Amino acid sequence: MIYVVISFLWLSICLYFILGGADFGAGIVELFTPKKRRMYTQKIMYDSIAPIWEANHMWLIIAIVILFVGFPEVYATMSTYLHIPLVFMLFGIIARGTAFTFRNYDAVKDRWQTVYTLIFYYASLLTPFFLGLIAASTISKSINPEARTFQDLYIFSWLNWFGVSVGIFAVSLCAYLASVFSLRTLGDKLELNLMIRKSYEMIVFVLVSGILVFTAAYFSGIPLLKWVFSKPLGITAITLATVALLFVLKALKDRKMIAVRILAGFQIMMILVAATYQHNPNILLFANGSHLSLTEHIAAPKTITTLAWALMLGSVFILPFLFYLMFSFSNVKKEIDKKVK
C-alpha cells in the first residue's frame with residue numbers, strides 16, 4: 001500500500017504543477033506583456049483560468065494531507081527547516097486568490113482595481129518562485145541539521161544560487177503552461193496569434209532558465225548533470241521532453257491546439273521524472289549525508305493502508321466531477337461566445 005500512497009503523492013504534485021502552474025502563469029504572462037496589450041491579455045487569461053482556478057489548489061491540499069498523515073517525520077522536518085519559504089508560498093496563494101476575486105468580481109470599480117491587479121501579478125510570480133526554492137532545497141543537500149545559527153538553519157538552507165535558479169525555472173514553466181493552455185479558449189484570430197507569440201517567448205524563457213539551473217548547480221558543486229543523465233530513465237525522460245518540444249513547435253505552427261496542450265503537460269511530467277527519479281524514494285537529502293525516505297520514514301502500517309484506500313476511493317468521486325466541471329465551463333463559454341457574435 002505504501003507505493004499506492006507514494007504514487008498519489010507524486011501524481012498530486014505533478015497535477016498541481018501542471019494545472020496550478022498554468023493558473024499562476026496567467027499572472028506572470030500578464031505581468032510580462034507590454035502595457036498597451038495588457039488589458040487584452042488579461043481578458044484572455046481570465047477566460048482561460050476562470051473555470052477551475054480555485055479547484056487547482058486541491059492537488060496541493062492532497063499532497064499536504066498525504067505528507068501529514070503518511071509521512072509525519074518528513075512533514076515535520078520540511079515544516080521546520082523550510083517554514084519561511086512555505087509561509088511565503090502560502091501567503092502568495094492566499095493573496096493571489098483574493099486579488100483575483102476582487103479584481104474580477106468587485107461590485108465597485110475604482111482605483112483599488114489597480115492594487116488588486118498588482119497583488120495578482122506579483123503573487124503569481126513569487127508563489128512558484130518559492131515553490132522552486134523549496135523543491136531545490138530538498139535535493140541540494142543545503143539543509144544542515146547540525147547547524148547552530150538561525151541563518152544556517154532556516155535561511156541558507158533554501159536561499160542559495162541553485163535554489164534561486166530553480167525558482168526562476170519554475171516561474172518560466174508556469175508562464176509557458178499558461179500561454180499554451182490559454183489557446184484552448186481562443187477563437188479570435190488576433191487573440192490566437194498574440195498567445196502563440198507569447199508561447200514562443202515562454203519557450204525561450206524555459207530554455208534559458210533551464211540552462212541557468214545547470215550552470216548554478218555546477219558552480220554550487222551539485223552534480224545535477226550526473227543525477228539526470230547517469231541512468232537510462234533520466235536520459236529517456238529528457239529525450240522525450242525534448243522531442244515533445246519539437247512536436248509542440250510543429251503543432252503551434254499547424255494550429256493544433258489540443259495537441260499543444262497535451263504535449264506541454266507531457267513535457268512537465270518528463271521534467272519531474274528526470275528531477276526526482278535519481279534519489280527516489282529519498283525525498284530529503286541533508287548536508288551531513290543523512291536523508292529521509294518515503295519507504296523508511298512512514299506512519300504506522302494501518303495508517304498507510306487506510307490512507308491508500310481513502311485516496312483510491314476518493315479519486316473515484318473527485319476526478320469525474322472535476323472533469324465534468326471543466327467540461328461544463330467550457331460549454332458555457334462556447335455558448336456565451338456564440339451569443340456575443
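The values are calculated or read from the model by the stated rules, or taken from the named source; none is laboratory data. Everything numeric in this text was worked out from a predicted model, so none of it was measured. Please note: Cβ atoms are built from the backbone with ideal geometry, for glycine as well, and neighbour counts cover all protein chains shown. The accessibility values were calculated without ligands, DNA or RNA, using every heavy atom of the protein model including side chains. Shrake-Rupley method; radii C 1.70, N 1.55, O 1.52, S 1.80 Å.
The table below lists the values:
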| item | result |
| --- | --- |
| Cβ pairs under 6 Å, 6+ apart, first in region 239-254 and free of Cβ contacts under 8 Å to residues at least 24 places away in the same chain, second part of a helix (DSSP H, G or I) | PHE247/LEU263; ALA251/ALA259; ALA251/VAL260 |
| Leading residue by the ranking (farthest from LEU207 (Cα to Cα)) among those in region 241-259 that are at pLDDT below 90 and touching a Phe, Trp or Tyr at 6+ places or on another chain (Cβ under 9 Å) | ALA259 |
| Pairs where the first residue, in region 265-280, is assigned to a helix (DSSP H, G or I) and the second is β-branched (Val, Ile, Thr) and open to solvent by less than 30 Å² (accessible area, probe 1.4 Å), C-beta under 7 Å, 6+ apart | GLY265/ILE18; ILE268/ILE18; ALA274/VAL228 |
| Helices (runs of 4 or more DSSP H) wholly inside region 136-244 containing at least 2 residues that are among the charged types (D, E, K, R) and surrounded by fewer than 22 Cβ atoms within 10 Å (Cβ to Cβ) | 189-219 |
| Extreme residue, surrounded by the most Cβ atoms within 10 Å (Cβ to Cβ), among residues of region 295-314 that are small (Gly, Ala, Ser) and touching a residue at least 12 places away in the same chain (Cβ under 8 Å) | ALA308 |
| Verdict on LEU125 being farther than 29 Å from VAL206 by Cβ, in a helix (DSSP H, G or I) and touching a residue at least 60 places away in the same chain (Cβ under 8 Å) | no |
| Criterion (over 24 Å from MET270 (Cβ atoms) and not in a helix (DSSP H, G or I)) met by exactly one of ALA76, ALA107, ALA99, ALA95 | ALA107 |
| Residue that is surrounded by the most Cβ atoms within 10 Å (Cβ to Cβ), among those in region 247-294 that are within 23 Å of SER79 (Cα to Cα) and of a type in the set (S, T, N, Q) | THR276 |
| Flag for ILE304 being modelled with pLDDT of 90 or more, under 21 Å from PRO72 (Cβ atoms) and in a loop (DSSP other than H, G, I, E, B) | no |
| Failed condition for PHE8, given (1) in contact (Cβ under 8 Å) with a residue 24 or more places away in the chain; (2) in contact with a Phe, Trp or Tyr (Cβ under 9 Å, 6 or more places away or on another chain); (3) buried (at least 17 other Cβ atoms within 10 Å of the Cβ); (4) not hydroxyl-bearing (Ser, Thr, Tyr) | (2) |
| Sole exception among (1) touching a helix residue (DSSP H, G or I) at 6+ places or on another chain (Cβ under 6 Å); (2) free of Cβ contacts under 8 Å to residues at least 24 places away in the same chain for ILE196, by number | (2) |
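Residue by residue, here is whether (1) under 21 Å from MET270 (Cβ atoms); (2) in contact with a Ser or Thr (Cβ under 9 Å, 6 or more places away or on another chain); (3) hydroxyl-bearing (Ser, Thr, Tyr) holds:
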residue: ILE6; (1), (2), (3): yes, yes, no
residue: LEU9; (1), (2), (3): yes, no, no
residue: LEU15; (1), (2), (3): yes, no, no
residue: GLY25; (1), (2), (3): yes, yes, no
residue: LEU31; (1), (2), (3): no, yes, no
residue: ILE44; (1), (2), (3): no, yes, no
residue: TRP59; (1), (2), (3): yes, yes, no
residue: GLY70; (1), (2), (3): no, yes, no
